[in-house]
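Working notes for the structure below.
The values are calculated or read from the model by the stated rules, or taken from the named source; none is laboratory data. Predicted model only: the values in this text are computed from it and were never measured. Cβ sites come from the backbone with ideal geometry, for glycine too, and all protein chains shown count toward neighbours. Ligands, DNA and RNA are stripped out before the accessible areas are found, and what is left, the full protein with its side chains, is counted by its heavy atoms. Shrake-Rupley method; radii C 1.70, N 1.55, O 1.52, S 1.80 Å.
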Amino acid sequence: MASNSDEHASDHEVDSEADDIETVPPDNIQFARQDSSHSLTGSSRLQAYSDAIFSIIATVMILPIAHHEISEHKSLYDTFGELLPQLVVYLMSFFAVSAAWAGHVWVFQTIARTDDVIVLLNLFILMVVTFLPFSFTLLGLFPTYILAIGICCLCITFVGVLQTFAVWYAFRQEDRILTQETISDPEKNKRKSALYQVLLTNPIICIVALLVALIDSSVGHFLLLLLLFGQPLRKYTIALYNKCKHACCGGANLPNIQYISNKILEEKISMERVEAFSDGVFAIVATLIILDICEDNIPSQEAVKSEGSLEKALGKDWTDRKSVV
């Protein structure tokens with residue numbers, strides 16, 4: 001009887017100890033619950049998804065030029081003259097998308113984890129980027145209309161502002177979102193200022209171009225071409241500002257703007273993202289070629305009957321397909 005009572009007592013002690021273990025979770029479990037409550041995830045899949053979107057947008061902008069109908073009654077020089085404005089718009093659009101992608105790379109070089117706010121901001125950025133082909137196509141077709149210039153400028157401005165807001169939010173939540181390397185960087189604030197300068201360069205150019213276009217659309221178009229030289233322009237503009245500031249009464253009432261080279265960002269560019277963007281462009285270009293062979297190029301049964309054989313019906317449009325083959 002005594003042994004049975006001792007066994008019951010020992011079982012009761014074990015149960016009570018188990019209850020204590022369950023009621024007091026270890027520190028790592030508390031951290032996991034706290035981490036899951038903030039919905040933090042790695043940023044690698046978000047970056048891969050964004051790279052795919054950027055590569056698609058940068059590639060499809062050539063489609064209006066690639067499918068331009070060339071008249072047999074016009075010379076090659078006349079046709080090239082008609083396409084020249086669209087080619088210039090294409091170059092501007094490609095560099096605008098590439099600049100947005102480069103800004104996205106720099107932003108996520110400092111972000112190790114993403115929460116719901118970062119994911120939502122990234123989706124808004126991609127939504128505006130996917131609108132760029134329409135805005136630049138509209139600009140190419142109606143270059144003298146203020147509405148076309150305004151839509152194009154506002155799209156580029158929104159992309160830069162949204163990316164800047166993402167940087168501001170990430171540095172506000174630095175212990176949760178930023179990489180450990182960025183957190184421990186003694187020049188962390190300088191890195192943030194460099195990101196602000198890089199991301200806001202093209203929006204400032206677009207705002208100035210839009211305001212000037214209200215007076216003279218041709219000058220506004222010239223200012224939009226400065227998108228191709230955004231970063232060198234930033235360097236010389238800040239240098240000219242500081243020089244004029246000191247020349248005018250010592251610049252006591254003007255804020256100081258320090259030029260920060262984007263080398264602080266370029267030194268840590270991820271080659272994986274560069275390769276992913278390039279591979280995406282190559283894959284899409286290789287895939288778009290097949291679009292020239294579509295249902296419209298397949299001869300109908302009536303055409304086969306009229307030609308007498310399928311080979312003759314296919315050979316009738318061979319010149320439209322031999323470049324693809």
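Here are the numbers:
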read-out	value
Qualifying positions in the range 207-229 - surrounded by fewer than 19 Cβ atoms within 10 Å (Cβ to Cβ) and either in contact with a strand residue (DSSP E or B) (Cβ under 9 Å, 6 or more places away or on another chain) or among the small types (Gly, Ala, Ser) (or both)	SER217, SER218
In the range 43-56, residue most open to solvent (accessible area, probe 1.4 Å) [restricted to those that are under 11 Å from THR130 (Cβ atoms) and under 9 Å from the mean Cα position of the chain (by Cα)]	ILE53
Residue ID - nearest to ALA102 (Cα to Cα), chosen from residues in the range 172-206 that are open to solvent by less than 20 Å² (accessible area, probe 1.4 Å), in contact with a Ser or Thr (Cβ under 8 Å, 6 or more places away or on another chain) and part of a helix (DSSP H, G or I)	LEU199
Residue within the range 101-111 that is crowded, with 21+ Cβ neighbours inside 10 Å and among the hydroxyl-bearing types (Ser, Thr, Tyr) present	yes
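Conditions tested, residue by residue: (1) touching a Pro at 6+ places or on another chain (Cβ under 7 Å); (2) modelled with pLDDT of 75 or more; (3) outside any loop (DSSP other than H, G, I, E, B).
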site: SER261; (1), (2), (3): no, no, no
site: VAL274; (1), (2), (3): no, yes, yes
site: ASP279; (1), (2), (3): no, yes, yes
site: ILE284; (1), (2), (3): no, yes, yes
site: ILE289; (1), (2), (3): no, no, yes
site: PRO299; (1), (2), (3): no, no, no
site: SER306; (1), (2), (3): no, yes, yes
site: GLU311; (1), (2), (3): no, no, yes
